[in-house]
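Undergrad: Below are the structure tokens for one structure; questions will follow.
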């Protein structure tokens, strides 16, 4: 292990897309033949075998797009319970897929676990980079979190909601529908995230494509929409007041900020769209026992940790949405198949009209 990069000795690792990572191809090749066996084992001594094998490896490497603070909480808990080091390469969903594919084509298999958005996980499945896992924990999850092929599983869902600065906008002034955003009083006050074309496509399906596209063209033309990169940045700009009202934020992040005392709150504009974030074991994981152990952890102990951090976990015991709000789950397969269509539509209707 002496050839590991020094920066990987930290718990959370931030690297550039092409930076070297530990575990060369030779070691990955040696472990590859046991990955399917480890992932499918359901014997009475399953937990003991996983822990023993994982402790021999001593580490697990996770490619994740999760918020750094949230992943640190999860990694700390996993390390404390099992005595293993969690190393995380954090990037966007798109970068995770790109890196996974690039490495595999070069015969390099560094990642043990992939942890990111549903469409990206489905893309990794199609690239044959994931290993189906049989886990006792699967039976405790919301059926919507499961996939037919079993190569990745939802761990929590992000609910797309609108959010506002409570010092600048009163609750009784809030729009009750997307149509209300046509009101000129919202001119110069609206914001949106630059990469939310998946939300946009799902919303158009719900509203009706013709009506939905016409509506958002009207909103952009009448009031303008400020486009920002990153949901965390957008949430912070609501807090500062630079963006008084954002159309696409994650409920959990606004709830976290509100709990910390920030002047923000969220509200739902129907139809409400939710997207699963998922976890999957790499098919050629260098440390298969550690990978499956981390997979199980994300579906068990991590569920309570996520709930405590204002997420909506995948467990059947998940926190209900306020006021009985119903959500429509984004279909990751459809999202992936139609990604070009909705990326173009989002760019044409929202991004190119931004001001």
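Undergrad: May I ask you to list the residues in the stretch 337-349 that are over 19 Å from residue 124 (Cα atoms) and either without any contact (Cβ under 8 Å) to a residue 60 or more places away in the chain or outside the structural domain of residue 194 (by TED's automatic domain parsing) (or both)?
TA: 344, 348
Undergrad: Another question, then. Return the only residue of 335, 296 being buried (at least 18 other Cβ atoms within 10 Å of the Cβ), at pLDDT below 95 and part of a helix (DSSP H, G or I).
TA: On the way: 296 fails: at pLDDT below 95.
Result: 335 is the single residue among 335, 296 that is buried (at least 18 other Cβ atoms within 10 Å of the Cβ), at pLDDT below 95 and part of a helix (DSSP H, G or I).
Undergrad: Tell me, please, whether a residue that is in contact with a helix residue (DSSP H, G or I) (Cβ under 7 Å, 6 or more places away or on another chain) and surrounded by fewer than 17 Cβ atoms within 10 Å (Cβ to Cβ) can be found in the stretch 200-214.
TA: yes
Undergrad: Could you tell me which of the residues 235, 163, 246, 255 is assigned to a helix (DSSP H, G or I), in contact with a helix residue (DSSP H, G or I) (Cβ under 7 Å, 6 or more places away or on another chain) and within 28 Å of residue 335 (Cβ to Cβ)?
TA: Being assigned to a helix (DSSP H, G or I), in contact with a helix residue (DSSP H, G or I) (Cβ under 7 Å, 6 or more places away or on another chain) and within 28 Å of residue 335 (Cβ to Cβ) holds for just one of 235, 163, 246, 255, which is 235.
Undergrad: Picking from 42, 21, which residue would you name as being closer than 21 Å to residue 301 by Cβ, in a loop (DSSP other than H, G, I, E, B), at pLDDT below 95 and not assigned by TED's automatic domain parsing to the domain that holds residue 257?
TA: The match here is 42.
Conditions tested, residue by residue: (1) touching a helix residue (DSSP H, G or I) at 6+ places or on another chain (Cβ under 7 Å); (2) assigned to a helix (DSSP H, G or I); (3) not assigned by TED's automatic domain parsing to the domain that holds residue 226.
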position	(1), (2), (3)
133	yes, no, yes
167	no, no, no
176	no, no, no
180	no, yes, no
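Undergrad: Count, please, the residues in the stretch 258-293 that happen to be assigned by TED's automatic domain parsing to the domain that holds residue 47 and in a helix (DSSP H, G or I).
TA: 6
Undergrad: Among the listed residues 103, 69, 79, 48, identify the single one that is farther than 19 Å from residue 300 by Cα and surrounded by fewer than 19 Cβ atoms within 10 Å (Cβ to Cβ). It would help to see each step written out before you state the result.
TA: Numbers: 103 fails: surrounded by fewer than 19 Cβ atoms within 10 Å (Cβ to Cβ); 79 fails: farther than 19 Å from residue 300 by Cα; 48 fails: farther than 19 Å from residue 300 by Cα.
So the residue among 103, 69, 79, 48 that is farther than 19 Å from residue 300 by Cα and surrounded by fewer than 19 Cβ atoms within 10 Å (Cβ to Cβ) is 69.
Undergrad: Would you pick out the residues in the stretch 259-272 that are under 12 Å from residue 178 (Cβ atoms) and either surrounded by fewer than 18 Cβ atoms within 10 Å (Cβ to Cβ) or in contact with a helix residue (DSSP H, G or I) (Cβ under 6 Å, 6 or more places away or on another chain) (or both)?
TA: 269, 270, 271, listed by residue number.
Undergrad: Just one of 87, 99, 108 is assigned by TED's automatic domain parsing to the domain that holds residue 51 and in a strand (DSSP E or B); which is it?
TA: Sole residue among the options that is assigned by TED's automatic domain parsing to the domain that holds residue 51 and in a strand (DSSP E or B): 87.
Undergrad: Given the condition over 25 Å from residue 145 (Cα atoms) and at pLDDT 95 or above, answer yes or no: does some residue in the stretch 66-79 qualify?
TA: yes
The values are calculated or read from the model by the stated rules, or taken from the named source; none is laboratory data. Everything numeric in this text was worked out from a predicted model, so none of it was measured. Glycine gets a Cβ as well: all are built from the backbone with ideal geometry, and neighbour counts include every protein chain shown.
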